[in-house]
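Undergrad: Here's a structure for you.
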Amino acid sequence: METSVSSSFQAGQGNAIICKICQKQFSKYTCPRCNLRYCSLACYKGHSLQCTESFMRENVLEGLHDLHATSEVKEKTLDMLKRLHFDEAGRSILEDESLATCDDAEAEFEGDEGTFFSNRTLQLIAEGRDLTLDELSEEERKAFMRSLAAGEVSHLIQPWNPWWLNPLAKTVSITKQGSRLVQPVHSSDDNHSRQPEISRGDEVEEVELDFSEVPAPPSEPLSPLKKLTQKEPSPLLPVHLSEVIYAYCFTLRYYNGDWRSEPLEATLAFFSVSHVMGQAAVPESVGVAFAEALKTVCSPVFKHAGGFAFGLALFDDCAAVLQLGRACIICALADLRRMLENAKRDLELELVSSKKTEPVGNQESERGSELRVSSTKLKAGPLAVKTSRNTTKIRSGRKNEMMKIEAGLRKLFFMLCWTNEQMDEVFSSLAALVETEKARALETRPSSTLGLVGMNDSKPIKERPLVQEIA
């Protein structure tokens, strides 16, 4: 009996295949992909990286198909992605560690069923894909846009660094006429270390390199004030200028430095904060002007901007721009003009488009013609009449916005010409007044930021009709 067993064992050993990896042990397993025989897990891991990775990937994907998009799964997935990124790069994605707040931002991904990420989307995230809006389902896109509109994903956006805080802004120079300097061509590599070259002519004061971080000044020389008006400029112009700069800083901060993505919306936001531009107001002191502007920044319209703290920080931004002097203030005002010009262009296109789609009856009535409809034709019902009235109302509102933009462009041009003829000491004194108003705002801060009206001055702001908004 023992002889029989021993013989069969030896026969089995003779038929056994040696492990193709280590060439030492008998093979016990077969790779499901390449059919290679191996003896142990260690040999399997070392025989082919392609086989092992594809096998593990398939197992992970099969497991993901069985997962439900619960909050627990979502949390584990995000933790895994953060650990993976840290292992590969040795640091977080953003320098400000904004990714570390993902666990506290579950509201971004919250939907009616606990999450707006489907299993398919979670699978793409696990694969390391960068998703676009087109790859999301209709429900996912709607939920994401709601979160975006509510400001719930704003902490994931890298903050913009204002150009007026850039050290290069202190070196910006323009001509005496307020336009761009002639740029020299240097062949050496030390262009940024060269000192300004002084010219003897009247056209150019000094030659400075063009820094892309700072908005460009006007492309054409500015007109002298005496060519625009025979009267003396209003003594309130410095007050109005400071309020306009405050609203400009707000607009750029609010749109993260990129007003070009939505010039019309950015212009309307600017008009909301700047009562001088948007409402033809005539504040008689820096305190009154900034109290109204701060009240608007703290209003529910801009509730996601940052409230009182954000509005107070804009005082520092405004003072920083004023401290930079004539050249940078002209660059800021020129940037504002470009924003309004782009908004005007977009609004004109919108008005033309709405004119084409407007009912024929409205077009005829605007031209003073009578609409004659045969009794055999279908008559417009209540819905058509209501739609026509809504269209007319929208067009009327857009026309009012166009009037504001055109008036704002005229006022900005006058401010540019006035600013160009002032000494830097004027703006330094104005910056000191702004800093004083910031300190006063801190001292008199009410319990509710909505009660900021008149906190620095009891006088109401005077308003003037837009038709007088010329000089």
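Undergrad: Which three extents, in angstrom, do the Cα atoms of the range 391-435 have along their principal axes, listed largest first?
TA: Principal-axis extents of the Cα atoms in the range 391-435, largest first: 51, 24, 6 Å.
Undergrad: To the nearest 0.05, what FRET efficiency results for residue 435 and residue 213 with a Förster distance of 25 Å applied to their C-beta separation?
TA: Computed FRET efficiency for residue 435 and residue 213: 0.55.
Undergrad: Oh, and also: So, in Å, what gap is there between the alpha-carbon centers of the range 330-351 and the range 218-232?
TA: So the separation of the two Cα centres works out to 20 Å.
Undergrad: Amide H neighbours of residue 36 under 5 Å, at least 5 residues apart or on other chains, H built in the peptide plane: list them.
TA: Distant-sequence amide H within range of residue 36: 31.
Undergrad: What does the charge count around residue 298 come to, taking other residues whose C-beta lies under 13 Å from its C-beta (Lys +1, Arg +1, Asp -1, Glu -1)?
TA: +2
Undergrad: Need the full-extension length gain, residue 428 to residue 26, defined as separation in residues times 0.36 nm minus the C-alpha distance. One decimal, nm.
TA: 135.9 nm
Undergrad: What's the extension gain from residue 119 to residue 45 if we count 0.36 nm per residue and subtract their Cα-Cα distance?
TA: 23.7 nm
Undergrad: Under the √(5λ) rule applied to the eigenvalues of the Cα gyration tensor, what semi-axes describe the equivalent ellipsoid of the range 15-56? Give them in Å, descending.
TA: 18, 10, 7
Undergrad: For residue 399 and residue 220, what does the FRET efficiency come to when R0 = 22 Å and r is the distance between their Cβ atoms, rounded to the nearest 0.05?
TA: With a Förster radius of 22 Å, E is 0.15.
Every number in this text was worked out from the coordinates using simple rules, so none of it is lab data. Given the structure is predicted, the values throughout are model-derived calculations rather than measurements. For neighbour counting, all protein chains shown are included, and Cβ atoms are generated from backbone atoms with ideal geometry for every residue, glycine included.
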